[in-house]
Amino acid sequence: MRILGLLLGILLFAGCAEKTPPPEKFQFTAKTLDGAEFRGDKLAGQPAVLWFWTPWCPSCNAEAETVEALAKRHDEVQFVGVAAEDQLDAMKKFVADHRMGGFPHLADLDGSVWKRFGVTAQPTFAFVGADGSVELLTGSPTEEQLDERVSSLVPKT
């Protein structure tokens, strides 16, 4: 009986233990280009790539199809586009023109998500490890370089 009571106490304690909050970077809510709510805390604890882009950026336009293809190839990694520095209609047109419907894109109209991650130029990639670590890469890497970076986010089994 004593063991049963001990086990019950452990189970009750474990169920009441507070969950560790996600890192501050991920404590945000934003709207997608379609107006849906997106919570940054859903990215915590999983590998992810945030791609910070603008519709008028030549490099962003040049790499858009590559980013979409990488997202399809690496379905174990959550991709999120974060558009800023333009109007919502231009952002929607960019996604439609490049057929980038495979992952969510945030309408960061006030630049708050960009600021949260310390992004100052586009394109920038934020590679998020399952441990919450974030590495920024500004500029236009090759598809091979991006593929290697994205692959490194997923632990080998």
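Size of the dipole of the stretch 53-157 about the Cα centre, Lys and Arg at +1 and Asp and Glu at -1 on the beta carbon, nothing else charged, in debye to 20?
That gives the stretch 53-157 a dipole magnitude of about 160 debye.
Leaving out ligands and nucleic acids, note down the accessible area per residue over the chain with a 1.4 angstrom probe, in whole Å².
The answer is 59 Å² per residue.
Expected output is a single nm value to one decimal: the length gained when fully extending between THR120 and GLN87, i.e. 0.36 nm times separation in residues minus the C-alpha distance. What is it?
Answer, rounded to one decimal: 10.1 nm.
Take the Cα of ASP34, step 7 Å along the line toward its Cβ, and report every residue of the stretch 53-76 whose backbone nitrogen sits under 15 Å from that point.
none
Which of ALA90, ALA126, ALA64 moves most in a GNM of the chain, Cα contacts under 10 Å?
For the chain, modelled as a Gaussian network with Cα springs under 10 Å, the answer is ALA90.
Would you compute, for the Cα atoms of the chain, the largest minus smallest coordinate along each principal axis and list the three values in descending order, in whole Å?
Result for the chain: principal-axis Cα extents of 70, 34, 25 Å.
How many percent of DSSP beta bridges within the chain run antiparallel, rounded to 5?
Of all bridge pairs located within the chain, approximately 60 percent are antiparallel.
Quick one: grab the alpha carbon gyration tensor of the stretch 72-135, order the square roots of its eigenvalues as a ≥ b ≥ c, and give me rounded if a/c is under 1.5, else prolate or oblate depending on whether a/b is larger than b/c.
Oblate is the answer for the stretch 72-135, as a/c is 1.5 or above yet b/c matches or exceeds a/b.
The values are calculated or read from the model by the stated rules, or taken from the named source; none is laboratory data. All values derive from a computational prediction rather than experimental measurement. Note: ideal-geometry Cβ built from the backbone for every residue, glycine included; neighbour counts use all protein chains shown. Protein only, heavy atoms only, side chains kept; ligands, DNA and RNA dropped before computing areas. Shrake-Rupley method; radii C 1.70, N 1.55, O 1.52, S 1.80 Å.
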